[in-house]
Amino acid sequence: MKKIAFIVLICFMTVGFASVCMAQGGHTVREDCGCGLGGMAIGDKTGLVWKLVGTFLNGISGNQTFAMSSGTLDCGQVQSLAMNEQLNIYVADNMDSLAVDIAQGEGESLDALAEIAQVPETKRPMLNSKLQQNFDRIYIDSEVTNETVVTEIAQIIQTI
């Protein structure tokens, strides 16, 4: 077991060293290694040793992967993923009132939807109008799911 762990450690360090060697130059650890624990802990330092340490710190415990998906450790979260998650929850809880407001082209449910989707206030009248025009596309029948509604709304939001 120790032999396998040692081999994995050597492979990890070799890959990390190779990637750092290819990324030589005057760049900082944050620029070359990206976000994660290494980028946060070492940040703006340069040099091979610091990049190796930054690569190692980014690789332990999968913290860089977690940071990219959660938006922590100086990583940005995927905006559309977070927005769609919030929209899914909101639409699932407000299917009926949202359908009424979309059909009318105005209402509190539409205002809340635009707020969650982070649509600028100047574009909200256009959003309401486009959603109203595409009501039949959004609510295709009485059995429509909130995922389908969110998918259609997200596509319409991207066009405004």
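In segment 9-33, the residue that is surrounded by the most Cβ atoms within 10 Å (Cβ to Cβ) out of those that are out of contact with any helix residue (DSSP H, G or I) (no Cβ under 7 Å at 6 or more places or on another chain) and modelled with pLDDT of 70 or more is Thr28. Scan (1) open to solvent by 80 Å² or more (accessible area, probe 1.4 Å); (2) under 15 Å from Asn146 (Cβ atoms); (3) over 25 Å from the mean Cα position of the chain (by Cα) for the single condition Ile102 breaks and write down its number. Here Ile102 meets the rest and fails (1). If you go through segment 110-145 and keep only what is within 14 Å of Thr159 (Cβ to Cβ), open to solvent by 30 Å² or more (accessible area, probe 1.4 Å) and either among the hydrophobic types (A, V, I, L, M, F, W, C) or in contact with a Pro (Cβ under 9 Å, 6 or more places away or on another chain) (or both), you end up with just Met126.
The values are calculated or read from the model by the stated rules, or taken from the named source; none is laboratory data. In this text, all values refer to a predicted model and were calculated from it rather than measured experimentally. Neighbour counts run over all protein chains shown; Cβ positions are idealised from the backbone, glycine included. All accessible areas refer to the heavy atoms of the entire protein, side chains included, with ligands and DNA or RNA removed. Shrake-Rupley method; radii C 1.70, N 1.55, O 1.52, S 1.80 Å.
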